[in-house]
Amino acid sequence: MTKILDGKALSTSIMKKLKSAVAQQKRLITLAVVQVGDDPASTVYIRNKHKACEAVGIRSLHIHLDGEITSGSLLDTIHTLNSRKDVDGILVQLPLPYGIDEGEVIRAIDPAKDVDGFHPVNVGRMMLADDCLLPCTPAGIIELLKSNGIEINGKECVVVGRSNIVGKPVAQLLLQEHGTVTQCHSRTRNLAEVCRRADILVVAVGIAHLINADFVKPGAVVIDVGIHRTSDNKLCGDVDFDSVKDKVSAITPVPGGVGPMTIAMLMQNCVKAGHRGS
Ligand code: NAD
């Protein structure tokens, strides 16, 4: 019987615990979300983050800047937020408009307020397994595996994708949990063959239904990070769920798998940043 790894239920229970931790805080925790321009997908993501803040009892500020803003003005906004004592977490919604250097913007955020965990200081600390603000999607994946009693120690873990925000950090966190990790990407040869080695297969590619039953070993655990909207307006992942579901021992659904865990980990990072600031 295949286990469906329910990220929504786990996220709700994590957020409940965070809510009681926040209620015991003497001061209000504040997350500032910076949006540049009017990308519709970003607007939806930001709305969901504000809703999550509301559910946990965190104040959220939406700083909505014109899409034509210069890098200099955006950096000034970040510096102001860095110096504000009432702001605990800063998140700049990506992608930024063409012409703005995302790396420069991320580097401008105070690492102690970098609740996305993208600043090089947090990335470096993560590599060293030091205390830091972890990137939300990779941290959510590890949490989902652990909470479902899925052992990582000694397992063959294959990560498909090597982005800075998902693929690379999730591979690093699996390694820290003592997995034997293989990282695949667009130039990997014989992808299906490599994926079939996996006890735990994490897919973060951005291609709908790339992974089918041919890519999975019987009994594997499959974590699908991808999110796509189909022509009939439904959500689907990088994994062809129907093709693989009867072959695997556990799999995340899309929606309701990794996505809600990302939001829960963001809230966890806000609470952590808030504790440091108090
Ligand atoms: P990205 O585009 O930055 O990286 C994609 C990676 O996939 C690259 O490293 C590339 O080398 C690899 N790749 C591309 N084609 C490939 C192929 N044919 N075979 C093997 N590897 C290939 O994407 P990302 O930011 O890591 O996001 C991946 C997916 O996850 C997207 O669908 C994105 O929307 C989704 N996502 C979901 C969440 C969430 O919370 N659920 C968070 C972040 C990203």
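The values are calculated or read from the model by the stated rules, or taken from the named source; none is laboratory data. Predicted, not measured: the structure shown is a model, and the values here were computed from it. When we count neighbours, we look across all protein chains shown, and the Cβ atoms used for this are built from the backbone with ideal geometry, even at glycine. What goes into the accessible areas is simple: the full protein's heavy atoms, side chains included, and nothing from ligands, DNA or RNA. Shrake-Rupley method; radii C 1.70, N 1.55, O 1.52, S 1.80 Å.
For the range 237-261, which positions are open to solvent by less than 40 Å² (accessible area, probe 1.4 Å) and near the ligand (Cβ under 10 Å from one of its atoms)?
GLY237, ASP238, THR252, VAL254, GLY257, VAL258, GLY259, PRO260, MET261
Across the range 165-195, what is the total count of residues that are assigned to a loop (DSSP other than H, G, I, E, B), touching a helix residue (DSSP H, G or I) at 6+ places or on another chain (Cβ under 8 Å), near the ligand (Cβ under 10 Å from one of its atoms) and of a type outside the set (Val, Ile, Thr)?
Result for the range 165-195: 1.
Does CYS157 satisfy the criteria of being open to solvent by less than 60 Å² (accessible area, probe 1.4 Å) and within 11 Å of the ligand (Cβ to nearest atom)?
It is false that CYS157 is open to solvent by less than 60 Å² (accessible area, probe 1.4 Å) and within 11 Å of the ligand (Cβ to nearest atom).
Looking at LEU28, LEU65, LEU74, which one is surrounded by 18 or more Cβ atoms within 10 Å (Cβ to Cβ) and at negative phi?
Criteria check complete, one pass: LEU74.
Taking the options HIS185, HIS178, name whichever one is surrounded by fewer than 23 Cβ atoms within 10 Å (Cβ to Cβ) and at positive phi.
Step by step, each of HIS185, HIS178 is checked, and only HIS178 is surrounded by fewer than 23 Cβ atoms within 10 Å (Cβ to Cβ) and at positive phi.
With respect to the numbered conditions (1) open to solvent by 40 Å² or more (accessible area, probe 1.4 Å); (2) part of a strand (DSSP E or B); (3) polar (S, T, N, Q), which one is the sole condition not fulfilled by ASN233?
For ASN233, the exception is condition (2).
Only one of (1) more than 21 Å from LEU10 (Cβ to Cβ); (2) out of contact with any Cys (no Cβ under 6 Å at 6 or more places or on another chain) is not met by THR230, so which one is it?
(2)
Tell me, yes or no, whether the range 209-218 has at least one residue that is more than 14 Å from the ligand (Cβ to nearest atom), over 25 Å from ILE106 (Cα atoms), touching a Ser or Thr at 6+ places or on another chain (Cβ under 7 Å) and not in a loop (DSSP other than H, G, I, E, B).
Yes, the conditions are met somewhere in the range 209-218.
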